[in-house]
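For reference, the structure discussed in these notes is given below.
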Number of protein chains: 2
Amino acid sequence: MRLSTKGRYAVTAMLDLALNGQDGPVTLSEISENQGISLSYLEQLFAALRARKLVRGVRGPGGGYYLGRPADEISIADIICAVDEWVEFTRCRGKEDCRGGQRCLTHSLWDDLSRQIYEFLTDITLADLVARGKDKESDHCHGKKESATLKTRAA
Amino acid sequence: MRLSTKGRYAVTAMLDLALNGQDGPVTLSEISENQGISLSYLEQLFAALRARKLVRGVRGPGGGYYLGRPADEISIADIICAVDEWVEFTRCRGKEDCRGGQRCLTHSLWDDLSRQIYEFLTDITLADLVARGKDKESDHCHGKKESATLKTRAA
DNA sequence: TCTATTCCCGAGTAAATTACTAAGTAATAA
DNA sequence: TTATTACTTAGTAATTTACTCGGGAATAGA
């Protein structure tokens, strides 16, 4: 797993899309202005998102982007993996250099942990975040930032 | 939150330390050889880890590194934050540019998510991973990689 | 058909980060 | 005293980040 500022931009942009894409497509210019991300960089990010079918573009005037599928079917992990390119951490699975040494054990522990993080982020969808946003719409960013925790883990 | 390959190196190295540091300190040379990380890079990483008191160095022959505190008091988040430098994602909390626009709402949603990830990684300690390693010590990396999931979340 | 708007595409790039080499100094066990 | 280890600083090639620039392709509306 990999979680960089690039992934942050992508998640933020997708969140913007989920929030504003209810009636008609959202243009990259709008997202650029809303989120303070350069247009060209957004184009790069959306090229990757489009390749994974996470968004769908509509050309021409009045065009823009839609989510590629319902917000409750797009996980944070989907978004991050689309732009950040899931790096294969260790390639020593069952290789010969694991005998004796701690190396392979450590690596496989890392793999386990990495998978855990991935699964954690798979359980959180854009719809979850949007729902959470609905709650705090009233306090306009100034209220106490306290409420219930995100209900993200499948019980 | 930020999770890069640098953080991966740090976690891997700390894991190595937790596994091998039972009897006497572990040298960076050993970790370097075990994990395939260059010595100088380890020195950089351990400088950061030492600054956060996550490790304690002992100089001279027979020296090396100890964990700075018990393995069950060192979380993955501790390690990653030490080397990766928790970046303050958005600095628009309660600023004026949040009125009207979606911007601040999106940012605060990202903040919530980021905090969730952080808390998730705070719940996983080195001791958890070591315990997991004990389980699979017998199959030497060749057995089926299946068993119980990490017990990471406080019930 | 023309034009404005939008997505789409690729090349180039400054700045930062990554992962490393090199070349030391400081403490300490033998 | 010497070998071993931690510690420190400087430099650097490769990569990534986030961006600019300059186009092209589709399409709604005039």
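Among the numbered criteria (1) of a type outside the set (Ser, Thr, Tyr); (2) in a loop (DSSP other than H, G, I, E, B); (3) open to solvent by 40 Å² or more (accessible area, probe 1.4 Å), which one does B:GLY24 miss?
Condition (3) is where B:GLY24 drops out.
Restricting to region B:43-70, give me the number of residues that are farther than 22 Å from B:ALA127 by Cβ and open to solvent by less than 30 Å² (accessible area, probe 1.4 Å).
1
Filter region A:12-38 down to the residues that are more than 12 Å from the chain's Cα centre (by Cα), within 12 Å of DNA strand D (Cβ to nearest atom) and facing another protein chain (nearest Cβ under 10 Å) and list them by number.
Matches in region A:12-38: A:ILE31, A:GLN35, A:GLY36.
Please count how many residues of region B:43-82 are in a helix (DSSP H, G or I), within 11 Å of DNA strand C (Cβ to nearest atom), hydrophobic (A, V, I, L, M, F, W, C) and away from every other protein chain (no Cβ under 14 Å). So that I can check it myself, show each step before the final result.
Step one: filter region B:43-82 for residues in a helix (DSSP H, G or I), giving B:43-51, B:71-73, B:76-82.
Filter once more, so that each one left must be within 11 Å of DNA strand C (Cβ to nearest atom): B:43-45, B:47-48, B:80.
This time we only want the ones that are hydrophobic (A, V, I, L, M, F, W, C), so: B:45, B:47-48, B:80.
Pick out the ones that are also away from every other protein chain (no Cβ under 14 Å) and you get B:45, B:47-48.
Number satisfying all stated conditions: 3.
Return the only residue of A:TYR41, A:TYR9 being within 7 Å of DNA strand D (Cβ to nearest atom) and either small (Gly, Ala, Ser) or modelled with pLDDT under 95 (or both).
On the way: A:TYR41 fails: either small (Gly, Ala, Ser) or modelled with pLDDT under 95 (or both).
A:TYR9 is the lone residue from the list that is within 7 Å of DNA strand D (Cβ to nearest atom) and either small (Gly, Ala, Ser) or modelled with pLDDT under 95 (or both).
The values are calculated or read from the model by the stated rules, or taken from the named source; none is laboratory data. Keep in mind that this is a model prediction, so the values were computed, not measured. In this analysis, Cβ positions are derived from the backbone assuming ideal geometry, glycine residues included, and neighbour counts consider all displayed protein chains. To get the accessible areas, we keep the full protein, side chains included, count just its heavy atoms, and leave off ligands, DNA and RNA. Shrake-Rupley method; radii C 1.70, N 1.55, O 1.52, S 1.80 Å.
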